[in-house]
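Just below is one structure, and these are the notes that go with it.
Every read-out reported here was derived from the displayed coordinates using simple, explicitly stated rules and does not represent laboratory data. In this text the structure is predicted, and so the values were computed from the model without any measurement. Glycine also receives a Cβ, built like all others from the backbone with ideal geometry; neighbour counts cover every protein chain displayed.
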Amino acid sequence: MKFVENVKPDITTDIVYMMCPMHLLKLEEKMRELDDGQILEIMTDYDGALEDIPGWCDKTGNEFLGIEDSGDYYKFYIRKKVRR
Amino acid sequence: MMKCYFDHVATNPLDTRVLDAMMPYLKDDFGNPLSIYEPGSKAKEAIENARGQVASLINSKPSEIIFTSSGAEANNFALRGIALARQNEGKHIIVSRMEHHSILNSARFLEKMGFAVTFLPVDKHGMVDPDVVKKSITKETTLISIIHASSEIGTIEPIEEISEIAKEKKIIFHTDAVAAAGNIPINIKELGADLLSMAAHQFYGPKGAGALYVREGLRIVPLIYGGIQENGRRAGTENVPAIVGMGKAAELAKEEMNARIEHVRTLRDRLIKGVSSVENIYLTGHPDNRLPGHASFCVEFIEGEAMLLLLAAKGIYAASGSACSSKALKASPVLLAMGIPSGLAQGSIVFTLGKDNSGDDIEYLIAEFPQVIKRLREISPYAKGWGIKGEGGECIVQK
């Protein structure tokens, strides 16, 4: 897993205490709000997201930047792909 | 025989306009809101419309409303959901002795899980003192929950002041507004609570629908896990007709609030005046700062259950704050918390009025009630009363 620090997100969504599949639904919903190249931050304590979010990024072509461990939850950073 | 329903804190009749709004969703429009085809999207749309109507009742954002199955579920969700979400910051919560069992028993459950709970005392009117709230706060306190208005004695608590204190100390504040919402104006922005519980059947909506207002950005641990309903915070296929009914009832309550308040307040004042002619009867709760349709009393030398039975035989339906003595031999904890002696608390009687009560209903009650009391006192085994003096010799109930 790739760890990052001090990433500046354009949009943040807090889904701590929300279970599967909210992490994927919110991810899709929030990505639609982003412009190309912008960064999304998702805060979640759902362990399944550690596999699912990087997997979703692989599948969709968005860039998974990494996670930051905040103790009680994770912060995931995803950069929206630039469409040509 | 006349039939007079004076138990609107137990539940309200369903408004026919609410039933009309619900009917399509009980019949043809049966879709699951999660389904992506038309019947599903229609149901989803109906729920979101209801969310807007309920939000409008308390001036919140629609996204801050989570539908539940009842006021009790909303209370359980608030207390357990916030206590658990913030347990790393502290494990102390504060509630009052005036709370409904859905708060008190949730607090006791949390106590068993290792949380410390302070149960705040109240004064002779059942009022929580904001200064006492302030003094009860510790470094560990993460949540305060105080009832907005008591269903048992009608007293309206100083919610805005308590919410200010909570905000100052960065403590989450919940209020159980089940008896208040839809019956008195609530503006969540002025009230300042972070969470607020409501129940549809308290304002002419259906049973089986409640809601919890959760301030935007607040984390809460779900009570029910499962699907993605209510944005992942409350699973379970939505009770679409009931939610639609709650929305319509909220819309009507908002539109008709002032007229309803004026109507029940006038009737209540006549009731209190008329019933007070009985000897040794005492109004419980705050004399002025109380729900507009609420009249509660303690009657000396008599048990509440006996009054209810005899009144019911005359077509008058009321409530008693006391548990049936034959079942529990227990007086109402709320009345005891106010310092009312346990014997006197056994004689609790609660009349709560609604928009469909008439002046004739009140006149009938005023005519019949003294006869019921007279008959019961004739057969009462108690020669003398239980006394109305508190420990300091101060009168703790008002004539």
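Report the one residue of B:Ser358, B:Leu26, B:Pro158 whose Cα lies farthest in the direction of the positive end of the charge dipole of the protein assembly as shown (charges on C-beta: Lys and Arg +1, Asp and Glu -1; origin at the Cα centre). Result: B:Ser358. Largest first, the three principal axis extents of the alpha carbons in chain B are 69, 53, 36 Å in whole numbers. Going by neighbour counts of Cβ atoms within 10 Å, the residues B:Tyr213, A:Tyr17 line up, fewest first, as A:Tyr17, B:Tyr213. Taking the charge dipole of the protein assembly as shown about its Cα centre, with +1 at Lys and Arg Cβ atoms and -1 at Asp and Glu Cβ atoms, the residue from B:Gly304, B:Val334, A:Leu34 reaching farthest to the positive side is B:Gly304. Semi-axes of the equivalent ellipsoid for chain A, computed as √(5λ) from the eigenvalues of its C-alpha gyration tensor and ordered from largest down, come to 18, 14, 12 Å. For A:Tyr77, B:Tyr37, the sequence from fewest to most other C-beta atoms within 10 Å is B:Tyr37, A:Tyr77.
Counting only alpha carbon atoms, the long axis of helix A:49-60 and the longest principal axis of chain A meet at about 10°. Of the residues A:Leu34, A:Leu25, A:Leu50, which exhibits the maximal mean-square fluctuation in a Gaussian network model of chain A defined by a 10 Å Cα contact cut-off? Of A:Leu34, A:Leu25, A:Leu50, the most mobile in the Gaussian network model is A:Leu25.
Quick one: putting +1 on the C-beta of Lys and Arg, -1 on the C-beta of Asp and Glu, what dipole do you get for the range B:16-254 around its Cα centre, in Debye to the nearest 20? All intermediate terms of the calculation are to be shown ahead of the outcome.
Details: 27 positive and 28 negative charges, 97 e Å.
Taking the Cα centre of the range B:16-254 as origin, the dipole is about 460 debye.
Rank B:Lys112, B:Lys124, B:Lys314 by mean-square fluctuation in a GNM of chain B with C-alpha springs under 10 angstrom and give only the top-ranked residue. In the Gaussian network model the winner is B:Lys112.
For the range B:213-259, count the residues as N, evaluate 2.2 N^0.38 Å, and divide the Cα radius of gyration by that value, please. Write down the numbers at each step before the final one.
Numbers: Rg = 14.2 Å, N = 47, 2.2 N^0.38 = 9.5 Å.
That works out to 1.50 for the range B:213-259.
Per residue of peptide B:178-189, the mean number of Cβ atoms on other chains within 10 Å of the residue Cβ is 0. The range B:5-45 and the range B:59-96 have their alpha-carbon centroids 25 Å apart. Counting only alpha carbon atoms, the long axis of helix A:22-33 and the longest principal axis of chain A meet at about 30°.
Size check on the range B:16-254: the Cα extents along the three principal axes, sorted descending, read 55, 35, 27 Å. Taking a span of 24 Å or more along the helix axis (Cα atoms) and a mean Kyte-Doolittle hydropathy of at least -0.5 as the rule, the DSSP H helices of chain B that qualify are B:38-58, B:240-275, B:359-379.
Give me the inter-chain shielding for A:9-18: mean count of other chain Cβ atoms within 10 Å, whole number please. Don't jump to the answer; show the numbers that get you there.
Working: counts 0, 0, 0, 0, 0, 3, 4, 4, 9, 9.
Across the residues of A:9-18, the mean count of other-chain Cβ atoms within 10 Å is 3.
Calculate, for A:Glu29 and B:Leu336, the FRET efficiency according to 1/(1 + (r/R0)^6) with r their C-beta to C-beta distance and R0 51 Å; round to the nearest 0.05. Approximately 0.50, to the nearest 0.05.
I want the local charge near B:Gly227. Using Cβ-Cβ distances under 15 Å, sum +1 for each Lys or Arg and -1 for each Asp or Glu among the other residues. Could the numbers behind the result be given before it?
Values: positive: A:Lys26, B:Lys44, B:Arg233, B:Arg234; negative: B:Glu230, B:Glu238.
Taking every Cβ under 15 Å from that of B:Gly227, the sum is +2.
Taking the Cα centre of the protein assembly as shown as origin and assigning +1 to Lys and Arg Cβ atoms and -1 to Asp and Glu Cβ atoms, the resulting dipole is close to 600 debye. The GNM of chain B, with springs linking C-alpha atoms under 10 angstrom apart, assigns the highest mean-square fluctuation among B:Ser41, B:Ser145, B:Ser320 to B:Ser41. Of the options B:Leu344, B:Val117, B:Gly208, report the single residue whose Cα projects farthest towards the positive end of the charge dipole of chain B (beta-carbon charges: Lys, Arg +1; Asp, Glu -1). Projecting each Cα onto the dipole axis, the largest value belongs to B:Val117.
When a/c is below 1.5 the answer is rounded, else prolate if a/b is larger than b/c, else oblate, so apply that to the protein assembly as shown with a ≥ b ≥ c taken from the square roots of the Cα gyration tensor eigenvalues. Taking the square roots of the gyration eigenvalues as a ≥ b ≥ c, the protein assembly as shown is prolate.
Could you work out, residue by residue across B:81-88, how many beta carbons of other chains sit within 10 Å of that residue's beta carbon, and then give the average as an integer? Counting other chains' Cβ atoms within 10 Å and averaging over B:81-88 gives 1. Close amide H pairs (under 5 Å, H built 1.01 Å from N) link B:Arg219 with no residue at least 5 positions away or on another chain.
In debye, nearest 20, what is the charge dipole magnitude of the range A:11-79 about its Cα centre with +1 on Lys and Arg Cβ and -1 on Asp and Glu Cβ, if you could check?
That gives the range A:11-79 a dipole magnitude of about 160 debye.
For A:Cys20, B:Cys298, B:Cys4, A:Cys57, what ranking results if the residue with the fewest other Cβ atoms within 10 Å of its Cβ goes first?
Working: A:Cys20 16, B:Cys298 32, B:Cys4 23, A:Cys57 19.
With the fewest neighbours first, A:Cys20, B:Cys298, B:Cys4, A:Cys57 line up as A:Cys20, A:Cys57, B:Cys4, B:Cys298.
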